[in-house]
Amino acid sequence: MAEYKKPTTEQEYLDNFAQKKPLMNPTEAYYESSRCLFCYDAPCMNACPTGIDIPLFIKQINTGNVKGAAKTIFDSNWIGNACGKVCPTGVLCEGACVYNGQDVPPLQIGRLQNFATEQVIREKTPLYAPGPDNGRQVAIVGAGPAGIAAACELRVMGYTVDIYEAKEKPSGLTVYGVAPYKITNEEVLDEMEYLQNQMGYDIHYQSPITTKEQIADLEKRYDAIFLGVGLGPTATLGIEGENLEGVVGAVEFIEELRMQKHKVEVPKNVVVIGGGNTAMDAASESARMGAENVYLVYRRSKDRMGAYGFEYELAVKSGVKGVFSAQPKALLGEGKVNGVSFYRTKDVNGKLEYGDETFTIDCDMVIKATGQAKMGSFLQMIDGLELDNRKRIKVNLESYQTTNPKYFAGGDAVNGGAEVVNGAYEGKQAAKGIHAWLNAL
Amino acid sequence: MAGFNNIELITDRPLIDNLKEIEEVKKYFPDHAVIASLMVETREQWIQIIKDVENAGADGIELNFGCPHGMCERGMGSAVGQEPAVLKTIVEWVMDAAKIPVITKLTPNISDIREPGLAAVQGGTDALSLINTIKSIVGIDLDSYAPYPIVDGKGTNGGYCGPAVKPIALHMLRELAQHEKITKTPISGIGGIETWRDVVEFILLGASSVQVCTAVMHYGFGIVREMEAGLIQFMNEKGYDTIYDFVGKALPNVVEWKNLNLKHKVVANIDADKCIGCQLCYIACDDGAHQAIKITEGNRIPEIIDENCVGCNLCSLVCPVEECITMEKRDDGTQHLTWAERTEADTIPTDFNDDRAGGKGHFVPTVQDALKHRKG
C-alpha cells in the first residue's frame, strides 16, 4: 500500500506535497529567534554561501524589526526567500549552528529567514531602488537565480539590464526543478515579482539565444553579457530502449509536475535511476503522486550516493525502496516500457565492476536522474569562451569573468549543478565583476 | 518577563468592600493570617482605619510607605518613606492606636535604606518589610512619543516590580539586617520573588518571611507550589526544622569591599569537551573585559590567557553551556590580605605605576590583532 493517495485535485496535490518548512507565525518566530546566542564569528554565517549576517537578522526579528531583518538577508542574497525554503540548511547554516555541539536542535534559520522575507514580499515593502542610470547596458542570458541576482545587483549600480529567458517563467530551476514540498510556485514567483518591481530590469520570456547571429547582436548592443544558462536536458544513458514511451528525464518530469501538478499521470510502478539529490526528489515525488512501487536504483552502494542523507531519508519515508549496486543494462518493452534489466555491480577499490549476473524490475515508468547535459553546443558558439574538461564555463572565481572578457558567468553552467544559493552568490559576484571590469576599461 | 510597571493606586473600590472581604477571608480561612495594607493621610484617618480593619478581623497591618507614583504626590506612600522623621511620627501614631502587629513597608526610592528603616524601628514598629516598587518608566511608544502605559496621549512614572528588582531588594534587605539597631526587628522580604531559590536567598539575608505579588500576577497562586516544594526540600537537605534555623545565615559573609581577601585568585577554565564554540566568552572578554581569551585560526574553542585573566567571571556568565566555563581557584589559601589591612599597614599603592597595584605584564594584543574582528 502506498503512503500517498494519488492526488486528483490541486488541494490533494498540495497536501501530498505539504511544505517541509512551513511559514512561522509571529509567536514561533519570536520564541525561536530568542534562542539565538548571537555567536561571535558565527559558524552559520560562515557556512552560508552568500554570507548572510544570520545572527543580525535573527536578532532583528527578535527585536521586532522584521523589515530590517529582510534587508539584512537581501543585502547578501537577492533570492533570500527561496533560499530560506530550498537551501539544504541542515548541511549549511543550521548544520553549523553551535547548538548541534550539545545535541540541542539548531536554530531553524531557514524558517526564520522566510518569516522576514515573506513579510516584505507579501506587503510589497520596498527595500531597494535602482541606482542612477550610468548609461551602460548588460544582457543576461537566463533568468535563473544567478541571472536574477546579477540583474538586481547591476540595477543597484545603475546599469540597464535585459534578461533573455528561454522559458515562460523566471527563477529557473527554483520554479521548474525544485521538489514541490520545498517551495510552492506562488512563493517563487512572488519573490521574482517583488524583485523585478523594485529593480526594474526587463525579462524577455520565451527568448532563447540559440544562434551565432543572436550572440553577435547581443555583443553589439551590450557592454557586457552575463551567462546564467544553467544546464541542459537530462543526459542520455546510452542503453537500449531509451526511446520507449514511459522513459523520461528527471528534470523534465519535475518540470512537468511543477507546472501541471495533480494533472500529471504517474503510473503504479516507477523506477528511478540515479543517486543524486534530483533522483531522490523524483523518487519521492513519484511516491507522493500515488505510485505504489517506487524503486530508486543506484549503481554503487548506498553510502556512495551523491545525495544528502536527509534527502534519501525523506524519499524512504515517502515509501521509496532503495536498490543498490545495480547498473542499468537495458530498458525493456515494446513501444512502452515495462521493465528495466540491471547488472549486479561490485565496487572493487572504487572501480565499478560487473559480470553477467542480471535482474529485472518490472515497471510502467522509468525516470532517469543521471545528470543533466551541459549547454556545450551553445557555449561553443561564443568566441574565446573556454570550458573545462567537464564542459563547465571557466571563470575567474572572484570576478566570474570568463576567458572572453565581455562575458561573465555563474550558476550551474559554471559550478556544474549546485544549489539556488550558489547561483545567487555567483550572479551577485559576477555583477560586481562586470562593474569593476567596465570601470577599469 | 523582567518585570512589570504599574501606575495603579491603592484600591479601585470603596473601603467598605475591602473590609467585607477581609471578614469573608477570615471566615473561610480562619487559620491563615490576613494582613491589611494601609495608606491614609491624617492621624484621625489612621486611627479610624486601624479600628476598621481590626474590627474586620485583620491579623496585622502593613503601612504602605512605598508607593512611588500618584499617592506620593499627595503626601502619602513613598513621600512618607523618603522622610524618616515623618515616617517615624506616623509609625508612632499607628503603634499608639493598633492592637494588632504592625509592619512598616519601605520604599527603595531612597539612597540609604537604613535611615527610614531605623526611623520605623525607633517609632516602635513590630516589623519591617521591603522593598516596594522602584520608580520607573518602562518604555516609550515610538509613534506617539508617550511613555507606557499611555493615558490619553500622556504617561507617568510607575513602580517597577518583578524579577529585575530582586538584586536591589536583596541588597537593601542585607543593609537593614546587618544594622545593629535594626537587626532584631523581623523583616519580611519583598522584591521579585518567583522561585524557591529566591525565597531561600531572602531568608539567608535576614528575612523571616517573604511576600510574593508579581509572580502571582503572572502565574496565579499556583506558583507558590514550586516555592514551597523547593523550600521544604532545601530545609530537609540542610537539616533545618524551621525558617529561623537559617534566617540571616549568609549575613556574616556579606562584607565591605575593603575586607575582601586580595590574595584570592581565580582564573577561568574552559572545558573543551563541553564548549560548543559560540565564542561569546571570547568576544565578551575582548570587547568588554580584560582581553584574556584568545582564538586560534581554525579552532572554534577559545583559550584563556592566564596572565591576563583577573577572574572577573564575565565569560562564565555569558557561556550558554552548563558548567562549561568554571572559575578555578589558583591561590593555595594560605595568604590573607585585605585593603583595610594594607591601609592600616600603609602599603597601599600610591600611583599608577606602583608594583603593588598589580596588572603589570598584562598581555596586550597588537593593534592589528585587536582589530581583527572588526569586519567590514
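The values are calculated or read from the model by the stated rules, or taken from the named source; none is laboratory data. What you see is a predicted model; the values in this text were computed from it and never measured. Cβ coordinates were reconstructed from backbone atoms using ideal geometry, including for glycine residues, and neighbour counts include every protein chain displayed. Heavy atoms of the whole protein, side chains included, go into the accessibility calculation; ligands, DNA and RNA do not. Shrake-Rupley method; radii C 1.70, N 1.55, O 1.52, S 1.80 Å.
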What does the average come to when, for each residue of peptide A:100-111, you count the partner chain Cβ atoms lying within 10 Å of its Cβ? 2
Show the residues, 5+ positions off or on another chain, whose built amide H is closer than 5 Å to the amide H of B:PHE65. B:LYS105
Applying 1/(1 + (r/R0)^6) with R0 = 25 Å to the Cβ-Cβ distance of B:ALA272 and A:ASP303, what FRET efficiency is obtained, to the nearest 0.05? 0.25
Once both axes come from the Cα atoms, what is the angle between helix B:15-28 and the longest principal axis of chain B, in degrees from 0 to 90, rounded to 10? 80
Please state the charge dipole magnitude for the stretch A:226-311, taken about the Cα centre, from unit charges on C-beta atoms (+1 on K and R, -1 on D and E), reported in debye and rounded to the nearest 20. 280
If you place +1 on the Cβ of every Lys and Arg and -1 on the Cβ of every Asp and Glu, how big does the dipole about the Cα centre of chain A come out, in debye to the nearest 20? 480
Listed residues B:LEU337, B:ILE348, B:TYR240: farthest to the positive end of the dipole of chain B (Cβ charges): B:ILE348
In nm, give the distance between the simple-model label positions of A:THR403 and B:ALA345, each being 7 Å from the Cα along the Cα-to-Cβ direction. 8.1
Interface size B-A, as summed buried accessible area [1.4 Å probe, Å², nearest 100]: 1000
Take each uninterrupted DSSP H stretch in chain A, measure its Cα extent along the helix axis, and return the ones at 24 Å or beyond whose mean Kyte-Doolittle hydropathy is at least -0.5. A:420-440
Rg and Dmax of the stretch A:247-368, Cα atoms, in Å? 14.0, 46
Tell me, what is the percent relative contact order of the stretch A:22-122, built from C-alpha pairs under 8 Å that lie six or more residues apart? 34
Computed label-point distance, nm, for sites B:ALA85 and A:VAL323 using a 7 Å Cα→Cβ extension: 10.1
Projected label distance in nm at B:ALA370 and A:THR8, using a 7 Å step from Cα toward the beta-carbon: 7.5
Starting from the amide H of B:LYS135, placed 1.01 Å from N in the peptide plane, find each other amide H under 5 Å away whose residue is 5 or more places distant or on another chain. B:TYR160
Please list, in order along the stretch B:348-356, the HN-Hα scalar couplings obtained from phi with the Karplus expression 6.51 cos²θ - 1.76 cosθ + 1.60 (θ = phi - 60°), rounded to whole Hz, x for Gly and Pro. 7, x, 10, 9, 5, 9, 5, 4, 5
Using heavy-atom solvent-accessible surface (probe 1.4 Å) with all chains present, what is the largest-first order of B:CYS278, A:CYS36? A:CYS36, B:CYS278
So what are the stretch A:298-441's ellipsoid semi-axes, whole angstrom, largest first, if each one is the square root of 5 times an eigenvalue of the alpha-carbon gyration tensor? 40, 18, 15
Using a 1.4 angstrom probe on protein heavy atoms only, which residues from the stretch B:315-339 are buried by at least 10 Å² of accessible area when all chains are present rather than their own chain alone? B:PRO320, B:VAL321
Under 4.7 Å Cβ to Cβ, no partner at all: give me those cysteines from chain B, in residue order. B:CYS67, B:CYS72, B:CYS161, B:CYS213, B:CYS275, B:CYS285, B:CYS309, B:CYS312, B:CYS319, B:CYS324
Among all the lysines, which ones have a C-alpha under 23 Å from B:LYS99's C-alpha, if same-chain residues fewer than 8 places away are not counted? B:LYS20, B:LYS26, B:LYS27, B:LYS51, B:LYS88, B:LYS184
Which listed residue (A:TRP78, B:PRO68, B:ILE50) has the Cα farthest towards the positive end of the charge dipole for the protein assembly as shown, taking +1 on Lys and Arg C-beta and -1 on Asp and Glu C-beta about the Cα centre? A:TRP78
Here, trypsin sites (Lys or Arg not before Pro) of the stretch B:165-210 satisfying both criteria (DSSP loop; at most 14 other Cβ within 10 Å) are B:LYS181, B:LYS184
Tally Lys and Arg at +1 and Asp and Glu at -1 over the other residues with C-beta under 13 Å from the C-beta of A:ASN62: what net charge comes out? 0
Can you give the FRET efficiency to the nearest 0.05 for B:VAL310 and B:ALA2, using r as the Cβ-Cβ distance and R₀ = 22 Å? 0.15
Burial-style ranking of A:232-243, A:65-76, average other-beta-carbon count within 10 Å with highest first, yields A:65-76, A:232-243
Order A:SER399, B:SER209, most accessible first, counting only protein heavy atoms with a 1.4 angstrom probe. B:SER209, A:SER399
So, in Å, what gap is there between the alpha-carbon centers of the stretch B:70-149 and the stretch B:184-263? 22
What is the packing order of peptides A:133-146, B:87-100, B:325-338, taking the mean over residues of other C-beta atoms within 10 Å and listing the highest first? A:133-146, B:87-100, B:325-338
Roughly how many percent of the accessible protein surface of the stretch B:1-130 is carbon and sulfur, given a 1.4 Å probe and a whole-percent answer? 51
Protein accessible area in the stretch B:257-370, 1.4 Å probe - carbon and sulfur %: 51
For chain A, what percent of Cα pairs sit more than 37 Å apart? 28
What average count of beta carbons from other chains do you get within 10 Å of the Cβ of residues in A:90-99? 2
Counting Lys and Arg as +1 and Asp and Glu as -1, what is the net charge of the other residues whose Cβ lies under 11 Å from the Cβ of B:VAL267? -1
For an R0 of 56 angstrom, estimate the FRET efficiency from the Cβ-Cβ distance between A:GLN214 and B:MET217 and round to the nearest 0.05. 0.15
Quick check on my link table: of A:LYS263/A:LYS336; A:LYS5/A:LYS321; B:LYS274/B:LYS294; A:LYS5/A:LYS317; A:LYS5/A:LYS261, which ones sit more than 23 Å apart, alpha carbon to alpha carbon? none
Give me the accessible area of A:GLU245, 1.4 Å probe, in Å² rounded to the nearest 10. 120
In nm², what is the average projected area of the convex hull enclosing the Cα atoms of the stretch A:1-129? 10.0
Helix B:84-97 sits at what angle to the longest principal axis of chain B, using alpha carbons and giving 0 to 90 degrees rounded to 10? 40
Going by average Cβ density within 10 Å per residue, which order do the peptides A:275-285, A:40-50 take, highest to lowest? A:275-285, A:40-50
Mind pulling the per residue volume of the convex hull built on the Cα atoms of the protein assembly as shown? Å³ is fine. 266
Using only the Cα atoms of chain B, what do you get for the radius of gyration and for Dmax, in Å? 25.7, 77
Partner lysines for B:LYS238 [C-alpha distance under 23 Å; skip if fewer than 8 residues away on the same chain]: B:LYS249
Quick one: of B:LYS265/B:LYS360; A:LYS167/A:LYS368; B:LYS263/B:LYS329, which pairs are farther than 19 Å apart, Cα to Cα? A:LYS167/A:LYS368
Listed residues B:LEU205, B:LEU176, B:LEU38, most fluctuating in chain B (Gaussian network, C-alpha, under 10 Å): B:LEU38
Solvent-accessible area per residue for the stretch A:239-329 (1.4 angstrom probe, square angstrom): 40
List the residues, sorted by chain then number, that are 5 or more residues from B:ILE187 or on another chain and whose placed amide H is less than 5 Å from its amide H. B:LEU128, B:SER208, B:SER209
How many percent of the accessible area of the stretch A:329-411 is carbon or sulfur, using a 1.4 Å probe? 43
Kindly provide the trypsin sites (Lys or Arg not before Pro) of the stretch B:238-269 that DSSP labels as loop, not H, G, I, E or B, and whose Cβ sees at most 14 other Cβ atoms within 10 Å. B:LYS263
Go through A:LYS169/A:LYS220; A:LYS59/A:LYS428; A:LYS71/A:LYS391 and tell me which ones have a Cα-Cα distance over 30 Å in this structure. A:LYS71/A:LYS391
